[in-house]
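Data first, discussion second: the structure below is written as C-alpha cells.
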Amino acid sequence: MEAEVIAMCLSMFNGGPGSCGTVTSGGTESILMACLAYRSIWFDKGILYPEILAPISVHAAFNKAAYYFKMKLVHVPIDPETSQVNVKAMKKLINKKTCMLVGSAPAFPHGIIDPIADIAALGRRYGIPVHVDCCLGGFLVPFMNKAGFNIPSCDFSVDGVTSISADTHKYGFAPKGSSVILYSDKKWRARQYYVNPDWQGGIYASPGLAGSRAGAIVAACWATMIYFGESGYIASTKKIVSTTRYIAEQLGKINGIFVYGKPKVSVVAIGSHDFNIYRLSSALNKKGWNLNVLQFPASFHLCVTMRQTSKGVADEFVQDVRNLTAEIMKDPKKKADGAAAIYGMAQSIPDRSMVSEIAEAFLDSCFSTASTTATNGTTTSHR
C-alpha cells in the first residue's frame with residue numbers, strides 16, 4: 001500500500017523513471033528526511049555543518065531539521081510586495097557549505113508560491129539539490145492546471161527539483177499522520193535510510209525516523225486516495241481555489257486591511273497599516289472562525305478548506321471581516337486587550353529566549369504528572 005501511495009503521488013508530481021519516495025508520519029518528518037539526506041551527502045564532502053538556504057517564510061520544520069541534525073538554516077528575505085523569496089539574495093548566499101535550496105508551494109504564512117523554476121536554475125548551476133515544500137499544497141497544486149488555474153510548474157518536470165514533500169493528510173483528506181517525501185532519484189532516498197547490520201537483535205533497517213509504524217493509517221491513506229481519484233481531487237481543487245481567490249478579491253476591497261501578495265492556492269493572509277491586526281483576528285475568533293495568527297509581520301490567515309466552499313460561507317466571512325474592520329476603524333489606535341494584546345506583546349519581546357521558555361513551560365504542563373487520575377479512578381501524585 002505504501003508503494004502504491006508513492007506511485008500515485010509520483011504520478012501527480014510528474015516523477016520520472018528513477019523517481020521514488022517513502023511514506024512518513026507527517027510533513028515535518030518528510031522535511032526532516034530530505035534535510036537528513038542532503039546533510040549526509042555534504043558530510044561525505046567534509047562539510048561538518050551544512051547549510052540550508054530557505055525563504056524566511058519557510059516552514060519551521062526546516063529550523064527543526066537544522067536543530068536535530070547540526071545544520072545551519074540561512075534565511076533568505078522575501079519580496080515585501082509579492083511575499084516570494086528573493087532569488088537574487090538566495091544566489092548571493094550560496095557557498096560551498098550550501099547543501100540544499102528550498103522553495104515553498106505554497107508557503108504556510110501567506111499562501112504564496114515561490115519561483116520554483118528560478119530556484120531550480122540556481123540548483124542546476126551550482127550543483128545543489130532543490131527541495132519543494134508542497135506539504136500544504138500537495139493535493140491542490142498538482143491538480144490546479146487541470147482544474148482551470150494556470151500556475152507555473154512546481155514539480156519534477158522542473159529540471160533541478162530533486163525532492164518534494166507533500167501531505168496526504170491535508171487536502172488529500174487522509175487521516176492525520178500520513179505524508180510523503182518524494183525524490184527525483186533513488187540516490188537521494190538512500191541517504192535518509194538507517195541500516196545497522198550488526199545488532200544482536202538482527203539486521204535493523206528503517207526508511208525514516210520511526211521504528212514501529214501504524215499500518216492502519218497507511219491503509220486509510222491508500223483507501224482515501226483510491227476513493228477520491230484524480231477526478232475527485234480536481235473537483236475539490238476547483239472549489240477550494242475558486243473560493244480562496246474570491247475571498248482574497250473581496251478582502252482587498254475593504255478599507256483598513258490588505259492581503260499579502262496574490263494568493264493562488266488556499267491561504268489568504270491579512271494585515272493592516274492602520275490598527276493592531278490581532279484585534280480583528282480576535283474578534284473573528286469570537287464569531288467562531290478558525291484562524292492562524294502570524295508574526296513578523298503581525299498578521300493572520302484563513303486556510304480555506306471544503307467547509308468554506310459551502311454555499312454562503314465565504315460571503316459570511318467577508319461580511320464579518322468588513323463589519324468588524326469598520327468597527328475597529330472608528331478607533332484604530334485603541335489599545336488591544338485579551339488575546340490580541342498577548343499576541344502583540346509576544347511579538348514585541350526582543351529576547352526570543354523568553355518566548356521559548358514560556359512555550360517550553362506550556363509543553364511541560366501538557367505532560368505534567370504532578371496530579372493525574374488513572375483510568376481506574378485512582379489518583380496518583382509524582383514529584
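The values are calculated or read from the model by the stated rules, or taken from the named source; none is laboratory data. Quick caveat, the model's predicted, so the values are computed rather than measured. Here the Cβ positions follow ideal geometry from the backbone for every residue, glycine too, while neighbour counts run over all protein chains shown. Accessible surface areas use protein heavy atoms only, side chains included; no ligands, DNA or RNA. Shrake-Rupley method; radii C 1.70, N 1.55, O 1.52, S 1.80 Å.
The table below lists the values:
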quantity	calculated
Sequence-separation-based contact order of the chain, relative, with Cα cut under 8 Å and 6+ spacing, percent	15 percent
Global geometry of region 203-351, whether rounded, prolate or oblate, following the gyration tensor of its Cα atoms and the 1.5 cut on a/c	oblate
Tensor-based shape of region 261-307 (alpha-carbon gyration tensor, a/c under 1.5 rounded, otherwise prolate or oblate)	oblate
Whole-Å distance, taken between Cα centres, linking region 278-307 and region 3-33	31 Å
Pairwise FRET efficiency - LYS311 versus SER157, Cβ, R0 = 41 Å, nearest 0.05	0.70
Whole-number accessible area per residue in Å² for the chain, which is evaluated in the context of all protein chains at 1.4 Å	50 Å²
Nearest-ten-degree value, helix 215-251 long axis tilted from longest Cα axis of the chain	40 degrees
The chain - percent of accessible surface contributed by carbon and sulfur, probe 1.4 Å	55 percent
Candidates PRO115, PRO129, PRO332: whichever shows maximal mean-square fluctuation once the chain is modelled as a Gaussian network with Cα springs under 10 Å	PRO332
Region 89-136 and region 150-218: distance between their alpha carbon centers, rounded to Å	19 Å
Order by protection proxy (mean Cβ within 10 Å, highest first), peptides 159-166, 121-128	159-166, 121-128
Under 19 Å from the Cα of LYS335 - aspartates and glutamates, other chains or at least 8 residues apart	ASP274, GLU327
Sites ALA223 and TYR193, calculated FRET efficiency, Cβ-Cβ separation with R0 22 Å, nearest 0.05	0.25
Using a Förster distance of 35 Å, the FRET efficiency for GLN295-SER206 (Cβ separation, nearest 0.05)	0.45
Gaussian network model of the chain, springs between alpha carbon atoms under 10 Å - residue of SER184, SER365, SER348 with greatest fluctuation	SER365
Between helix 277-286 and the chain: long-axis angle, C-alpha atoms, 0 to 90°, nearest 10	90 degrees
In region 66-185, lysine pairs closer than 23 Å at Cα, eight or more apart or cross-chain	12
Stretch gain in nm, segment TYR246-ALA370, where the contour uses 0.36 nm per residue and the Cα spacing is subtracted	39.7 nm
Within the chain, percent of DSSP bridges classed antiparallel, to nearest 5	60 percent
Highest-fluctuation residue, TRP42, TRP289, TRP199 considered, GNM on the chain with Cα pairs under 10 Å	TRP199
Gyration tensor (alpha-carbon) shape descriptor, region 19-162, a/c threshold 1.5	prolate
